[in-house]
Every structure is written in structure tokens, then in C-alpha cells.
Amino acid sequence: MANFDINDIKGVIPAMVTPFDKDENLDENKTRQLIDFLIEKKVNGLYIGGSTGEGFLMSLEERKRLTEIVCEQVAGRIPVIVHVGAIATKLSVELAQHAYEAGADAISSVPPFYWTFDNDSIYQYYKDISESTPLPMIVYNVPLAGLMGIDMIYRLAEIENVKGIKYTAISHFEIQMIKDRLGEDFKVYSGSDEMAISGLLHHADGLIGSFYSMLPDVFINIYQAMENEEIKEAKRYQELAVDIIMASLQYDYYSTIKLGLKWMGMDMGEVRRPFKPLNEEQISNYKAVLLKLKEKHNVKDCMLLNAIEE
């Protein structure tokens, strides 16, 4: 039912925010609008239902509905990776099977968290999910759920359907080690937005990140510059991205991403509690910082900064 092979999943892949209305309900129309916007901006895929998508704040049925909306709206134009992570293997398997039926191209999951699970339990978690569908599994190594060591990553790669990893640690030399050991068919996606250049220099196959919903043009420029071996140009855009990200991280950054999209004419609604939107004073302060960055970087091709007005 998938439209793309794992080898087609590369490039700039936003970890998409999930639009909610004022009552915190999934907003289908805004979700479809965001998908079309990102595809129009030439992103290479979508990663949905993860931490940036507030997936752990959604019910199982809401997560399934989000997958259905995204797969239907994308309609085979770009690959769709569905995050199916949950603490309970049974729930993750249910989400994985649903993603397959809905037409997703790959699944992904953080390791089980909250309790301290040993490596054998984590291995079995990924094995059970991976064997539940024909879809490729992209393991997710992220500090929020507890980073796995490289030996554990090699062990997980022995599972038949584990075909890649979203690597959000900052020890990027390990990306190169993984590629050298596991080969070109095992895909590594750099997940540290602030270190996109570093990930690509260490042979990452693509970029999956939170701020790509708000800054798709910036990260596409980084990726293309690196493809063309224009390091100086890539560095210019990376420095811009880092400054914007650092300003955004002063608040609940899901809120700043949705606010940035709103300034660009894409009202993505609210965040879910306990996350909170910026108040008027915070919005004013955030805007002031971005205006300074606009002057500092003197860029004419950043949609976000061009949308900011005095």
C-alpha cells in the first residue's frame, strides 16, 4: 500500500506540527492546508505524530485519524513516515498496522520510556512492531526517551524491517560509523536541527526536524547547498536557522512554530495543554528578536523573517 521505498525517503523531512482548534480538537482543514503548503515548498517527505506533532498528547483514535488525513491529502506526492511510538507495545503495533492500511510509507518509534527498560526489552519492542507490518521501521534515537548506545543501534539493525534511524544525538561521528558499518541501504536521518550541516557532512541521508515546518525554505537551501558542495552557502543558512531556533526555544517551541506559521499566513491553531501559547508580551519580545535577526542576517529569502512586520 506504500507509494515509496525506503531508498526514496531522503532530503528535508519536516516533523510536522499538528493543528488543533481553540477547544484542542484536531483541526482537519488546517492539517490539509499545512500539508499542501509544505509540499508546495518542495519538502521531501513528512514525519507525523511524533513529539513535535504532540502525538503523546493525543488519543489512539486521534493519532489514527491524523494518519488518515495526512495520507489522503498527500496522495502519494511525497513519502509519509508515521510515528507509532507508545510505551505499550500493543498500542504501537495497533498504530503501525493502521498506518500500513492507511497508506503510509514507513513507520517510526521512540524506544519505550518512563520506566527503565533494559536493552532486551527495547529490542523486543522494536522487533514486535517491525514484524507487524511490511513497512520499513525507522528507529528514533532521542534524548527525551533515553539515548541508545551504538552497539544497541547495530543490534536493532539486525531486525529484518528496521531500515533506518532518526538520529537526534549530537555525537555525529557515530552517523558516519553507522553508515560505514551498515551500508548505504540503512538510512540515517539527522534529527538535530541546529546541526543539519554536521549531519550531512557525516553522511546522513536526510534531515528530519521540528523547525522545518516553519523554516522549510531555509533547510532546503542548506540541503541543496550541501549537495552542491557549497559549504559557505550552507553555513550562512545554518547560522540563520540556529539564531531563529535559539530565539524560539525561550518558549514552548511548538507554540513558536505555530506562531511563525501564523505570521506566514498559515494559522495552525493552538497547542495542547500543558503546553501553552505565548502571551502578548512574549509575542512582542519574540517578534523583536526576530526583527533584529532579520537585520543581522540581511536575508531576502527567509519566508518567516519576511513575514515579520514592525
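The values are calculated or read from the model by the stated rules, or taken from the named source; none is laboratory data. Keep in mind the model is a prediction, meaning the values are calculated, not measured. For the accessible areas, the whole protein counts, side chains as well, though only heavy atoms, and no ligand, DNA or RNA atoms are used. Shrake-Rupley method; radii C 1.70, N 1.55, O 1.52, S 1.80 Å.
Observations on the structure shown:
- Scanning residues 5 or more positions from residue 20 or on other chains, those with amide H under 5 Å from its amide H are 27, 270, with H placed 1.01 Å from N in the peptide plane.
- Computed from the Cα positions only, the extents of the range 116-196 along the three principal axes stand at 34, 31, 20 Å, in decreasing order.
- The chain, accessible area per residue, ligands and nucleic acids excluded (1.4 Å, Å²): 44
- Rg to Rh, two decimals, where the range 72-212 supplies the alpha carbon set and Rh follows Kirkwood: 0.94
- The largest accessible area among 296, 232, 258 belongs to the first residue in 232, 296, 258, and the rest follow in falling order (1.4 Å probe, all chains).
- Every pair of different Cα atoms in the range 188-236 enters the Kirkwood calculation, which places the hydrodynamic radius at 10.5 Å.
- The value given for the range 40-93 is a Kirkwood hydrodynamic radius of 11.9 Å, derived from the mean inverse Cα-Cα separation.
- Sequence-distant aspartates and glutamates (8 or more away, or on other chains) whose Cα lies within less than 20 Å of residue 296: 194, 217, 233, 239, 243, 309, 310
- Note, ³J(HN,Hα) from phi for the range 233-244, Karplus 6.51, -1.76, 1.60, rounded to Hz, x at Gly and Pro: 5, 4, 4, 4, 6, 5, 5, 4, 4, 4, 4, 5
- Other-chain or far-sequence residues with amide H under 5 Å of residue 108's (modelled H): 82, 83, 84, 138
- Rg to Rh, two decimals, where the range 199-266 supplies the alpha carbon set and Rh follows Kirkwood: 1.00
- Taking max minus min of the alpha-carbon positions on each principal axis, the chain gives extents of 54, 46, 37 Å, largest first.
- DSSP beta bridges in the chain [antiparallel fraction, %, rounded to 5]: 5
- 0 to 90° range, to nearest 10: angle between helix 280-297 axis and the chain longest Cα axis: 90
- Amide hydrogen proximity for residue 209: with H placed 1.01 Å from N in the peptide plane, the residues at 5 or more positions away or on another chain lying under 5 Å are 13, 15.
- Cα-based shape type of the range 145-190, given that a ≥ b ≥ c are square roots of the gyration tensor eigenvalues and the cut on a/c is 1.5: oblate
- The chain, helix-only ellipticity at 222 nm - DSSP H runs n ≥ 4, -39,500 (n - 2.57), divided by all residues, nearest 500: -14000 deg cm²/dmol
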